[in-house]
Amino acid sequence: MSDLAPAPVRCRFAPAPSGSLHVGNVRSALFSWLFARHQGGTFVLRLEDTDASRVTEEAVKGVLEDLRWLGIDWDEGPYRQSERLDIYREKADQLLADGSAYRCFCTKEELDARSKAARERGEAPGYDGHCRDLTEEQVEAYDAEGRSAVVRFRMPDREWLVEDIVKGEVRFAAGQLRDFVLMRSDGSPVFLLAVAVDDMLMGITHVVRGDDLLASAPRNAAVVEALGGTPPRYAHVPQVLGPDRQPLSKRHGSTSVESFREQGFLPEALVNYLALLGWSPGGDREILSRDELVSAFDLGRVSSNPAAFDTEKLTWMNTHYVQALDDDELAARCLHFLTEEGLMPDPASLRAAMPLVRERMKTLAEAPELLRFLFTDDVELTEKAQGLVAKAPDGYLGRVADVLDAVEPWDADSIQAVLDALADVEGLSRTKAFQPVRAAVTGSNVSPPLPQSLALLGKERTVARVRVVAAGAA
Ligand code: GLU
Ligand code: ZN
């Protein structure tokens, strides 16, 4: 066990569910999970779903589906903060009772006006401690006025040091962190309270999350301390950037796990790729299985510099993982993409087609285009395919149909032999000889290797298609 973790490790992933996960968020989840697994610890899933106006069951389902698909499994949870509201209220009451928090009656207009005035005086805006030390009479007067109150945390007035595992020592000067709201006037918790309470009660030892939350760390820690707990250690992971070094967002293209799944990326590839985005096992190893990632992972080696998402690199990794799948597995994974396109392959033919397409596929989404000709007889020639047919010598496809009809046995070698022999007679290169046949049979100018494709398609279907196109071309 590393010195980062003397006690049993408990990590968590705490997304606010809003549908399919952003890959940047998943990368934080993955680092948290890899660390927990590496340490033989526990991984907790917690849904920060208190914002009822935003969280739908659909969004929750999206999060769970993404994690399952990626193989990021959890040992506890999913806990739901929406089911723990009484706990947050009780802790807020405890903090009020011992003076760690106070009721703040300031209205939004008052807060804004005072912040503006502070700015005009050249001071930092932010909460000015107005209600920190109200007398009992003042409180009674506000209550009598019918003002509503939030619960505000009394941030201890001292320097805070966060010893972040990724960022190193981060100092927050005394006075920089203002008193902040823990609970709204309607009794709903603000996430600064809920996160602190849950991390404490769930015994979280290491919080791995995006560095957009770095400034929350001293606040979270202060609340945990005020509640008598020991704050977790923090590891704030830099954001994932787009190619232009701006935070990765929709305008860069795909950002959600769902969109990568739909484009035919394998979860193995996405996990491998994301793990190496800001972390490296050392040396130049780039292809690492899930087990290898777990055994090599070291939170202390996560870079504090942001990394840019590189779709080409992900695609390269995906190609590797596609090629590594055996026929059965690859067929099973392609099936969904084929049925989406209305193709209904029978399992045996699909499996038999895998060796033909494995090396031609960058993503599973390319399977339908490559295999359509096998699983439907409804073949329409593309414009390019029509062009190739038109370029063939007069009557060529008719002669192809005749020689193919005589092939015995119907296998790739025999098919290749007769097509080559015919090409010799016709004075055509193999490319020129195969192109119109490919076009006629598959409807396309690209296909898996032709003799193998025809062998799989079967003699009857092949010859019939060539004859139909030959008749049209004559
Ligand atoms: N719920 C927060 C988010 O989705 C994360 C809170 C945390 O990790 O502490 O960004
Ligand atoms: Zn106030």
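The values are calculated or read from the model by the stated rules, or taken from the named source; none is laboratory data. Note that the structure is predicted; figures quoted are calculated from it, not measured. Positions of Cβ are generated from backbone atoms using ideal geometry, with glycine treated the same way; all protein chains shown enter the neighbour counts. Remember, those area values only see protein heavy atoms, side chains included, never the ligands or the DNA or RNA. Shrake-Rupley method; radii C 1.70, N 1.55, O 1.52, S 1.80 Å.
About the Cα centre, and with charges only on the beta carbon of Lys, Arg (+1) and Asp, Glu (-1), how big is the dipole of the chain? Nearest 20 debye, please.
Numbers: 54 positive and 75 negative charges, 170 e Å.
It comes to approximately 820 debye.
Between their Cα atoms, which of Lys91/Lys116; Lys61/Lys108; Lys362/Lys432; Lys167/Lys362; Lys108/Lys250; Lys384/Lys459 are more than 30 Å away from each other? Walk me through the numbers before you get to the answer.
Numbers: Lys91/Lys116 33 Å; Lys61/Lys108 36 Å; Lys362/Lys432 27 Å; Lys167/Lys362 36 Å; Lys108/Lys250 33 Å; Lys384/Lys459 25 Å.
Where the Cα-Cα span goes over 30 Å, the pairs concerned are Lys91/Lys116; Lys61/Lys108; Lys167/Lys362; Lys108/Lys250.
With every protein chain left in place, what is the accessible area of Lys384 in Å² (1.4 Å probe, nearest 10)?
In the full protein context, Lys384 sits at about 140 Å².
Pull out the extension gain between Arg178 and Ser295, defined as 0.36 nm times the separation in residues minus the alpha carbon to alpha carbon distance; nm, one decimal. All intermediate terms of the calculation are to be shown ahead of the outcome.
Numbers: separation 117, 0.36 × 117 = 42.12 nm, distance 4.16 nm.
In short, 38.0 nm is gained.
How large is log10 I(q)/I(0) at q = 0.13, 0.22, 0.28 Å⁻¹ when the Debye formula is applied to the Cα atoms of region 128-199, each weighted equally and without solvent?
-0.54, -1.10, -1.24
What is the dipole size for region 3-54, taken about its Cα centre, with +1 at each Lys and Arg Cβ and -1 at each Asp and Glu Cβ, in debye to the nearest 20? Mind showing how you got there, number by number?
Working: 6 positive and 4 negative charges, 24 e Å.
Charge dipole of region 3-54: 120 debye, to the nearest 20.
Would you please classify the overall shape of region 274-325 from the alpha carbon gyration tensor, given that a ≥ b ≥ c denote the square roots of the eigenvalues, rounded means a/c under 1.5, and beyond that prolate means a/b larger than b/c while oblate covers the rest? All intermediate terms of the calculation are to be shown ahead of the outcome.
Details: a/c = 2.63, a/b = 1.32, b/c = 2.00.
Taking the square roots of the gyration eigenvalues as a ≥ b ≥ c, region 274-325 is oblate.
Report the semi-axes of the equivalent ellipsoid for region 165-245 in whole Å, largest first, where each axis is √(5λ) for an eigenvalue λ of the Cα gyration tensor.
Numbers: eigenvalues 107, 49, 41 Å².
In descending order, the three semi-axes are 23, 16, 14 Å.
Mind checking the full-extension length gain between Lys61 and Glu359? Use 0.36 nm per residue of separation minus the Cα-Cα distance, one decimal, nm. Numbers along the way, then the final one.
Numbers: separation 298, 0.36 × 298 = 107.28 nm, distance 3.42 nm.
Gain on stretching Lys61 to Glu359: 103.9 nm.
May I ask you to derive the FRET efficiency for Ala406 and Ala16 from their Cβ-Cβ distance with R0 = 45 Å, giving the value to the nearest 0.05?
Values: r = 68 Å, r/R0 = 1.50.
Once the sixth-power term is evaluated, E becomes 0.10.
If you fit an axis through the alpha-carbon atoms of helix 459-473 and take the longest principal axis of the Cα set of the chain, what angle between them do you get, 0 to 90°, nearest 10?
80 degrees
Using the C-alpha gyration tensor of the chain, what are the square roots of 5 times its eigenvalues, in whole angstrom, with the largest one first? Don't jump to the answer; show the numbers that get you there.
Working: eigenvalues 824, 102, 71 Å².
Taking √(5λ) for each eigenvalue gives 64, 23, 19 Å, largest first.
What are the extents of the Cα atoms of region 226-360 along their three principal axes, listed from largest to smallest and rounded to whole Å?
63, 36, 35
If you take the square roots of the eigenvalues of the alpha-carbon gyration tensor of region 301-444 and sort them as a ≥ b ≥ c, do you get rounded (a/c under 1.5), prolate (a/b over b/c) or oblate? List each step's numbers first, then the result.
On the way: a/c = 2.37, a/b = 1.99, b/c = 1.19.
Here region 301-444 falls in the prolate category.
For a label point 7 angstrom out from the Cα of Arg461 toward its Cβ, which stretches of region 398-415 have the backbone nitrogen within less than 16 Å?
From region 398-415, the list is 410-412.
Compute the acute angle (0 to 90°) between the alpha-carbon long axis of helix 347-357 and the principal axis of greatest extent of the alpha-carbon atoms of the chain; round to the nearest 10°.
90 degrees
Quick one: how many Å² of His320 are accessible to a 1.4 Å probe, rounded to 10?
Its heavy atoms expose roughly 80 Å² to the probe.
For region 51-168, just say rounded, prolate or oblate: build the C-alpha gyration tensor, square-root its eigenvalues into a ≥ b ≥ c, call rounded for a/c under 1.5, and beyond that prolate if a/b exceeds b/c, oblate if not.
Working: a/c = 2.11, a/b = 1.71, b/c = 1.23.
Judged from the Cα gyration tensor, region 51-168 comes out prolate (a/c at least 1.5, a/b above b/c).
Per residue, how large is the accessible surface of region 11-152? Use a 1.4 angstrom probe and give square angstrom. Mind dumping the intermediate values first?
Values: 6990 Å² over 142 residues.
About 49 Å² of surface per residue is accessible.
Are there cysteines in the chain with no second cysteine's Cβ under 4.7 Å away, and if so, which?
Cys11, Cys106, Cys334 - these cysteines have no disulfide-compatible partner (Cβ-Cβ under 4.7 Å) in the chain.
Dipole magnitude of region 288-358 about its Cα centre, charges +1 at Lys/Arg Cβ and -1 at Asp/Glu Cβ only, in debye to the nearest 20? Let's see the in-between values first.
On the way: 6 positive and 12 negative charges, 38 e Å.
I would put it at about 180 debye.
For region 76-146, build the charge dipole from Cβ charges (+1 Lys, Arg; -1 Asp, Glu) around the Cα centre, then report which of Val139, Ser100, Pro78 sits farthest towards its positive end.
Going by the charge dipole, the pick is Pro78.
Suppose accessible area is computed on protein heavy atoms with a 1.4 Å probe; arrange Glu383, Glu48, Glu163 from highest to lowest. Kindly include the intermediate steps, with their values, before the conclusion.
Working: Glu383 160, Glu48 30, Glu163 110 Å².
Descending accessible area places them as Glu383, Glu163, Glu48.
Given R₀ = 56 Å, what would the calculated FRET efficiency be for Asp157 paired with Glu340, taking r from the Cβ atoms and rounding to 0.05? It would help to have the intermediate numbers written out before the result.
Numbers: r = 60 Å, r/R0 = 1.07.
Efficiency, from the Cβ-Cβ distance: 0.40.
Quick one: pull the percent of accessible area on the chain belonging to carbon and sulfur, 1.4 Å probe, ligands and nucleic acids left out.
Reported share for carbon and sulfur atoms: 49 percent.
Take the eigenvalues of the Cα gyration tensor for region 1-67, scale each by 5, and report the square roots as semi-axes in whole Å, largest first.
They are 27, 12, 9 Å, listed from largest to smallest.
Using 0.36 nm times the number of residues separating Ala421 and Ser185, minus their current alpha carbon distance, what extension gain do you get? Provide the component values of the computation, followed by the final result.
Numbers: separation 236, 0.36 × 236 = 84.96 nm, distance 8.65 nm.
So the chain would gain 76.3 nm between Ala421 and Ser185.
Principal axes first, then extents: for the Cα atoms of region 338-390, list largest minus smallest coordinate on each axis, whole Å, largest first.
Result, largest extent first: 35, 23, 19 Å.
Rule-of-thumb check for region 295-348: C-alpha Rg over 2.2 N^0.38 Å?
Working: Rg = 17.4 Å, N = 54, 2.2 N^0.38 = 10.0 Å.
Normalised Rg, Cα atoms only: 1.74.
Of Ser53, Ser254, which has the most accessible area with a 1.4 Å probe, and how do the rest follow in descending order? Can you show the working numbers first?
Values: Ser53 105, Ser254 40 Å².
Result, largest first: Ser53, Ser254.
Report Rg(Cα)/(2.2 N^0.38 Å) for region 408-452, keeping two decimals.
Working: Rg = 10.4 Å, N = 45, 2.2 N^0.38 = 9.3 Å.
Compared with the compact-globule rule of thumb, region 408-452 sits at 1.11.
How high is the FRET efficiency between Arg430 and Lys250 when r is their beta carbon distance and R₀ equals 45 Å, given to the nearest 0.05?
Details: r = 46 Å, r/R0 = 1.03.
In this case the efficiency is close to 0.45.
If you add up the charges near Arg351, with Lys and Arg at +1 and Asp and Glu at -1, over every other residue whose beta carbon is less than 13 angstrom from its beta carbon, what do you get? Don't jump to the answer; show the numbers that get you there.
Numbers: positive: Arg333, Arg358; negative: Asp326, Asp327, Asp328, Glu329, Asp346.
Counting the neighbours of Arg351, the net charge comes to -3.
How large is ³J(HN,Hα), in whole Hz, for each residue of region 399-414 in order, when computed from phi with the Karplus curve 6.51 cos²θ - 1.76 cosθ + 1.60 and θ = phi - 60°, using x for Gly and Pro?
Per residue, the Karplus-derived 3J(HN,Hα) values read 5, 4, 4, 5, 5, 5, 4, 8, 5, 8, x, 7, 9, 4, 5, 5 Hz.
Cβ neighbours within 10 Å, averaged per peptide: list 437-444, 119-126, 284-291, 322-329 in order, most packed at the top.
Numbers: 437-444: 24.4, 119-126: 11.0, 284-291: 12.8, 322-329: 14.6.
Result, highest mean Cβ count within 10 Å first: 437-444, 322-329, 284-291, 119-126.
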